[in-house]
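Values quoted throughout were computed directly from the atomic coordinates according to the rules given, and no laboratory measurement underlies them. Note that the coordinates shown come from a computational prediction; the quantities given were computed from them, not determined experimentally. Methodologically, a virtual Cβ is constructed for each residue, glycine included, from the backbone with ideal geometry; neighbour enumeration extends over all protein chains shown.
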Protein chains: 2
Amino acid sequence: MKLYMSHRAPNPRRVQMFIAEKAIAGIEEVPVDLNALEHKTPEFLAKNPVARIPILALDDGRSLSETRAICTYLEGIAPEPNLMGVDATARAFIEMADRHVEFSLMLPLANWIRHTHPGLAPLEQPQFGDFGESQFGKFTANLGWLEAALGKHEYVAGDRFTIADITAFCGIEFTRLMKFKPGDAGFPNVQAWRDKIAARPSAKV
Amino acid sequence: MKLYMSHRAPNPRRVQMFIAEKAIAGIEEVPVDLNALEHKTPEFLAKNPVARIPILALDDGRSLSETRAICTYLEGIAPEPNLMGVDATARAFIEMADRHVEFSLMLPLANWIRHTHPGLAPLEQPQFGDFGESQFGKFTANLGWLEAALGKHEYVAGDRFTIADITAFCGIEFTRLMKFKPGDAGFPNVQAWRDKIAARPSAKV
C-alpha cells in the first residue's frame, strides 16, 4: 500500500499516527507537493476527485481517500490496539467525540489558519481575513468543551486513547503555525493532555 | 429513545431518513427551537456540549450527538437494510463517499446559505456575505464530482442505496431555500438521482 501525504499537513499526519499506533509496517509514503498544486493534476484527481490528501492506494488498485475512512479500513486489517470501538455502540460514541473535534475544533482552526496565514494563500483562494479571524474566536470558544471534557476523563473520548485523541492532537499541533499554545490561552487541561500525547512514539512520525 | 431535532434542518433530517429506511419504530421526536436558541440552554448543552442537533437520547440515559455517529449506533441495533457497509472495508468505502459529500458539498453549501440568507442570521453571527458567496462557487465546482460519479453508478457510493445518498439528498434539498435546482445549473445526473431519491417513502418524513 502507498500513502499519498504531505509533510506538515494535519490530515495525513492523523493517518501516519494511526499507522504508528498500530505498528502497521510496509506502507510506502508518497509526498504530494500541495504548493505546486500536485493534488489538482489529472493523475491525482483520478485517485481522489475532490482533490484532498491523504489517499491510501490499496494493493488491489483501488484508492481510498478521507482520513477517517482510511482509518476505518486500517482498523479492519489491523484490529489491535483498538482505536475506533469494538462494537457498533462503542464505535458510535468514539465517532461522536471524533466528529466533535473535527467539526467544532479542526474546522474553525483550519479556516482561521487558511484564511489568515500568508503561507496558506496558495491553497485557499480567495482568503477572507475577517472571516478567518472570526473562526479563531469559534475555535477557542469550542476549546472550552475539550477543556471541560479533559477535566472529567483522561482522553478525548473517555478513559483510553482513541482516534479522537489523534484528531485533536494533529489539529491543535497545526495551530503552532499561529504560535498558539493552549496553556497560555487558558486551557491547562488541554495543554497537559497535549504534552502527554506528544510524548507517545506515534507523535514523532 | 428520543430524537432531538428541528423541522427543516438538514442534519436531523438525515437521521429521520435513516430511521425511516430501517423502519425503526418508537423513537419520539422532540423539536428544538433553534431560532429561540434552545440549543444554547444549559439543559441542552448538558446533552451536547457543542450545541448541535440532532441528539439521540438513549434509554440508558446517555446522549449521543453527531448525525453520522447516531447512524452508526442505529445500524448496530437495526442492521437491515444495511446502509453503512457490512464489513470494515465496505464501511470504509461508504464512509469515504459520505465524507466527500459532507466536506465537499454540504460544508460549502451550508456556509453559502448560513452566511448569505437573512433567515439564518440568528444562527450564524457574524455573517460574512462575501465568504458565503464564494462558497456557492466551491459547492457547484464540487458538484461536478457528484455529476460524474452518478454517470458511472446509480447511487452516490456505488450500485446500491447507502447513507451517502441520504447525506447528499438532505444537503441538496436544503439548497431549495436558495431556489437552487441541480438540473437548471447543468447537473442532469444529480437532478435525476435527486428525483429518484425524493420518490422514496423515507424522503417524505
Fill in the blank from the handout: Across chain B, qualifying lysine pairs (alpha carbons under 24 Å, at least 8 places apart or different chains) come out at 16
Handout entry: chain A - charge dipole about Cα centre, Lys and Arg +1 at Cβ, Asp and Glu -1, debye rounded to 20
Key = 300
Exercise for the section: Compare B:Ile55, B:Ile113, B:Ile24 in a GNM of chain B, Cα atoms joined below 10 Å, and give the one with the largest fluctuation. Expected result: B:Ile24
Handout entry: C-alpha center-to-center spacing [segment B:1-57, segment A:138-188] in angstrom
Key = 26
Practice task
May I ask you to report, in nm to one decimal and beginning with the shortest, the distances from A:Ala141 to the same position in the other copies, taking label points 7 Å along Cα-to-Cβ?
Solution key: 2.8
Fill in the blank from the handout: In vacuo Debye sum over C-alpha of segment A:130-205, base-10 log of normalised intensity I(q)/I(0) at q = 0.20, 0.23, 0.26 Å⁻¹, listed in q order, is -0.88, -1.14, -1.39
Handout entry: Nearest-to-axis residue of chain A, judged by beta-carbon position, where the axis maps A onto B, in Å
Key = A:Phe131, 2
Problem - Equivalent ellipsoid dimensions for segment B:1-136 as semi-axes, Å, which come from the Cα gyration tensor, largest first - result: 27, 21, 12
Practice task
Consider all pairwise Cα distances in the protein assembly as shown and report the whole-number % of them above 36 Å.
Solution key: 19
Fill in the blank from the handout: Cβ density ranking, 10 Å radius, fewest first, applied to B:Leu146, A:Leu58 yields A:Leu58, B:Leu146
Problem - Cα convex hull volume per residue for segment A:68-205 (Å³) - result: 122
Completion exercise
Rounded to a whole number, the Stokes-Einstein D of segment A:43-106 in µm²/s (Kirkwood radius over Cα pairs; 4 °C; 1.567 mPa s) is 98
Handout entry: segment A:1-40: C-alpha gyration tensor shape, a/c 1.5 cut-off, then a/b vs b/c
Key = oblate
Handout entry: Label point 7 Å beyond Cα along the C-beta direction, distances from A:Val30 to other copies (nm, shortest first)
Key = 4.9
Completion exercise
Ranking B:His153, A:Ile166, B:Ala141 by how far each Cα lies towards the positive end of the charge dipole of the protein assembly as shown (+1 on Lys and Arg Cβ, -1 on Asp and Glu Cβ), the top one is B:Ala141
Practice task
Figure the gain on full extension for A:Arg8 and A:Ala78 (residue separation times 0.36 nm, minus the Cα-Cα span) and round it to one decimal in nm.
Solution key: 22.7 nm
Fill in the blank from the handout: If labels are modelled 7 Å from Cα along the Cβ direction, A:Ala198 lies from its partners in the other copies at nm distances, smallest first, of 5.3
Completion exercise
CD proxy, 222 nm, chain A: helix-only mean residue ellipticity via -39,500 (n - 2.57) per DSSP H run with n ≥ 4, per residue, nearest 500, stands at -15500 deg cm²/dmol
